[in-house]
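Read-outs throughout are calculated quantities, based only on the coordinates presented, and are distinct from any laboratory measurement. These numbers come from a predicted model, not from an experiment.
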């Protein structure tokens, strides 16, 4: 009971699996996420300011790092100081 049915079941299972894998590889090539380069820096920030930032992070569900980066970008983009 292994010859005809066993082979057809293996092919029946393998072909859809192979197509799914192929589509996944094609989709992965199109789905490219650009990564920004980061550097680690250490800053002294007043405790009260960090407390305020943590409240915003909790409310907006974002990381403290993301908030700091966005805040610095905003401050620099809206600054009247010359670069």
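Numbers below:
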| quantity | calculated |
| --- | --- |
| Relative frequency of Cα-Cα separations exceeding 16 Å in region 36-83, percent | 50 percent |
| Chain lengthening between residue 56 and residue 77 when straightened (0.36 nm per residue, less Cα-Cα) | 5.5 nm |
| Segment residue 69-residue 38, extension gain: residue separation times 0.36 nm, minus the distance between their alpha carbons | 10.1 nm |
